[in-house]
Amino acid sequence: MHIHIHRFSVLHQFSDKAGAYYLKGGILCADAVTTVSPTYAEQLKDPFYAHGLHDIIRSCSGKMFGVLNGIDTEQYDPAADKLLQANYSVDDLAGKAADKAYLQQKLGLPVRPDVPLIAMVTRLVGHKGLDLVAAVGEELMMYEDLQLAILGSGEKQYEEYFRYLQATYPEKATVYLGYNAQLAQELYAGADLFLMPSKSEPCGLSQMIAMRYGSVPIVRETGGLKDTVQAYEAWCGAGNGFTFAQYNAHDMLHVIREALALYRGEKENFAKLQRKGMTDDFSWQRSAREYMRIYRYAAGK
């Protein structure tokens, strides 16, 4: 038997703790237990993430595996995506500049190719790191030449905060409250940078999609974000994005500024970072090979 864990926060839905009871039984009886990233598999040994089941997870660590989710690389293909105004590829990024200009115009932002555009496509809830963004949002607006575009909905406090940013800094900030599949694709394609400062993120798909479209991720090192985004190292050109470890607003602000500096001052190196993300393998083929290995293990083969 194999049991798969996506998120432990589902346990909050069970007031009588029945969900935890059955999940505990499944973990103990299973031949293999999988979750959606190697880092999250380790984090589930921590009480903060496991909601009381950390001791069970620790006792079963020998049969616990973390396998990253994948994305549909045919659906998310900037060279063929019909939702975009202009297509582009890793060999020719010209279309991305056209998509950025179209996005800026659509969102009511000044059409400026020189200004870095940061996007977020997310639920506006606490564990997505929105409190960090709110803590330094005005500092970014006041002191940095950038644009911030957000698509999502959720908790009232964050919806109101981003409405405030948009009203106060209309040439720098814009928010679309709700979900819009067309706009989501346009944000992935038109953005220069993609921000995911999550407090917890078992796997995350948005960072993979963003990289597929040449939008460089800025993430907190948690769950699947840590496994898919490696910090850029200027001295050797390694990495595919920007990361910070501590859940701290000014740590996030520091790496945002690092990303902005690379965008403004080292266009060639920024383009290399874009191309690195576009060519990383986030396909389901990679995940499927790992699942086959686990199934063979569970079957004793």
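The values are calculated or read from the model by the stated rules, or taken from the named source; none is laboratory data. What you are looking at is a predicted structure, and each value in this text was computed from that prediction instead of being measured. Glycine gets a Cβ as well: all are built from the backbone with ideal geometry, and neighbour counts include every protein chain shown.
Name the residue, out of Gly95, Gly129, that is surrounded by 17 or more Cβ atoms within 10 Å (Cβ to Cβ) and at positive phi.
Gly129
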Going through (1) surrounded by fewer than 20 Cβ atoms within 10 Å (Cβ to Cβ); (2) free of Cβ contacts under 8 Å to residues at least 60 places away in the same chain one by one, Leu124 fails only at (1)
Screening Glu290, Glu258 for residues that are free of Cβ contacts under 8 Å to residues at least 60 places away in the same chain, among the acidic types (Asp, Glu) and either assigned to a helix (DSSP H, G or I) or within 17 Å of Thr73 (Cβ to Cβ) (or both) leaves only Glu258
Expected single match for charged (D, E, K, R) and without any contact (Cβ under 8 Å) to a residue 24 or more places away in the chain among Asp99, Asp81, Asp46 is Asp46
When Lys17 is run through (1) within 19 Å of the chain's Cα centre (by Cα); (2) modelled with pLDDT under 85, the failure sits at (1)
Within the range 249-278, the residues that are under 11 Å from Gly239 (Cα atoms) and small (Gly, Ala, Ser) are Gly277
Tell me yes or no: at least one residue of the range 232-250 is part of a loop (DSSP other than H, G, I, E, B), at pLDDT 95 or above, surrounded by fewer than 21 Cβ atoms within 10 Å (Cβ to Cβ) and over 16 Å from the mean Cα position of the chain (by Cα). yes
Reported set for the range 96-147 where residues are within 21 Å of Tyr263 (Cα to Cα) and among the small types (Gly, Ala, Ser) is Ala97, Ala98, Ala101, Ala119, Gly137
Being touching a strand residue (DSSP E or B) at 6+ places or on another chain (Cβ under 7 Å), farther than 23 Å from Lys301 by Cα and either buried (at least 18 other Cβ atoms within 10 Å of the Cβ) or in contact (Cβ under 8 Å) with a residue 24 or more places away in the chain (or both) narrows Gly70, Gly66, Gly52 down to just Gly70
Among residues of the range 132-159 being touching a residue at least 60 places away in the same chain (Cβ under 8 Å) and not charged (D, E, K, R), the residue surrounded by the most Cβ atoms within 10 Å (Cβ to Cβ) is Val133
Quiz item: Does Ala259 qualify as being aliphatic (A, V, I, L, M) and under 17 Å from Leu195 (Cα atoms)?
Solution: yes
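With the condition kept exactly as written, say whether any residue in the range 99-117 is small (Gly, Ala, Ser) and at pLDDT 95 or above. Give the derivation first.
Looking only at the range 99-117, we keep the residues that are small (Gly, Ala, Ser), and these are 101, 108.
Still in the list and also at pLDDT 95 or above: 101, 108.
Yes: the range 99-117 contains one or more residues that are small (Gly, Ala, Ser) and at pLDDT 95 or above.
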